[in-house]
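K.L.:
Supplied in structure tokens, the structure appears directly below.
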Amino acid sequence: MVAGLVNDIDYSDRDKIRRLFNKGGHMLDFSSDRYGDFVEEISGNDLFRKYGGSKGKNLEMIVKSEPGALVGRLILALIKYGRSRDLFATEELAAVLECEEPGWVAPIHRRQ
């Protein structure tokens with residue numbers, strides 16, 4: 001576990017998540033309200049209000065501060081949503097596929 005964090009998602013994985021979803025203030029095609037609703041539906045908590053900030057900064061705080069199981073569910077849900085709307089650029093698809101692999105996501109699900 002990384003010191004001071006409730007999960008052991010390392011810098012490299014956090015950076016991959018940031019690059020995949022945080023596009024200069026844009027989070028896929030979410031408005032702030034829709035992003036907040038989406039996160040609340042997945043997590044069962046109003047994490048957008050809890051951590052505040054922009055959508056990208058909010059996701060970074062969730063990834064740093066919430067249990068790995070929740071982070072894993074949220075990342076998979078964001079990927080599913082983005083893929084269903086064809087929101088990932090061609091050059092991002094390798095990172096998306098890597099994040100979908102059980103070897104990458106399953107350890108996040110177990111990180112408590």
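K.L.:
Which of the residues spanning the range 68-83 are of a type outside the set (Lys, Arg) and modelled with pLDDT of 90 or more?
P.N.:
Matches in the range 68-83: Leu70, Val71, Leu74, Ile75, Leu76, Ala77, Leu78, Ile79, Tyr81, Gly82.
K.L.:
Of the residues in the range 49-65, how many are closer than 17 Å to Asn7 by Cβ and crowded, with 21+ Cβ neighbours inside 10 Å?
P.N.:
Qualifying residue count, the range 49-65: 4.
K.L.:
Regarding the range 68-81, can at least one residue be identified that is farther than 20 Å from Ile9 by Cα, more than 14 Å from the chain's Cα centre (by Cα) and not hydrophobic (A, V, I, L, M, F, W, C)?
P.N.:
For the range 68-81, residues farther than 20 Å from Ile9 by Cα, more than 14 Å from the chain's Cα centre (by Cα) and not hydrophobic (A, V, I, L, M, F, W, C): absent.
K.L.:
Give me the residue from the range 20-48 that is over 16 Å from Leu74 (Cβ atoms), of a type outside the set (Asp, Glu) and at pLDDT 85 or above and, out of that set, surrounded by the fewest Cβ atoms within 10 Å (Cβ to Cβ).
P.N.:
Among those that are over 16 Å from Leu74 (Cβ atoms), of a type outside the set (Asp, Glu) and at pLDDT 85 or above, it is Ser31.
Conditions tested, residue by residue: (1) closer than 18 Å to Glu100 by Cα; (2) out of contact with any strand residue (DSSP E or B) (no Cβ under 7 Å at 6 or more places or on another chain).
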residue	(1), (2)
Asn45	no, yes
Lys55	no, no
Asn58	no, yes
Val63	yes, yes
Ala69	yes, yes
Tyr81	yes, yes
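K.L.:
Looking at this structure, is Arg110 modelled with pLDDT under 90 and of a type in the set (Lys, Arg)?
P.N.:
yes
K.L.:
Quick check on my filter: what residues within the range 1-15 are buried (at least 17 other Cβ atoms within 10 Å of the Cβ) and at pLDDT 85 or above?
P.N.:
Answer for the range 1-15, where residues must be buried (at least 17 other Cβ atoms within 10 Å of the Cβ) and at pLDDT 85 or above: Asp13, Arg14.
K.L.:
Scan the range 42-87 for residues that are acidic (Asp, Glu) and either on the phi < 0 side of the Ramachandran plot or in contact with a His (Cβ under 7 Å, 6 or more places away or on another chain) (or both) and jot them down.
P.N.:
If the condition is that a residue be acidic (Asp, Glu) and either on the phi < 0 side of the Ramachandran plot or in contact with a His (Cβ under 7 Å, 6 or more places away or on another chain) (or both), then Asp46, Glu60, Glu66 are the ones that fit.
The values are calculated or read from the model by the stated rules, or taken from the named source; none is laboratory data. Quantities reported herein were computed from a predicted structural model and do not represent experimental measurements. Backbone-built Cβ (ideal geometry, glycine too); neighbour counts: all protein chains shown.
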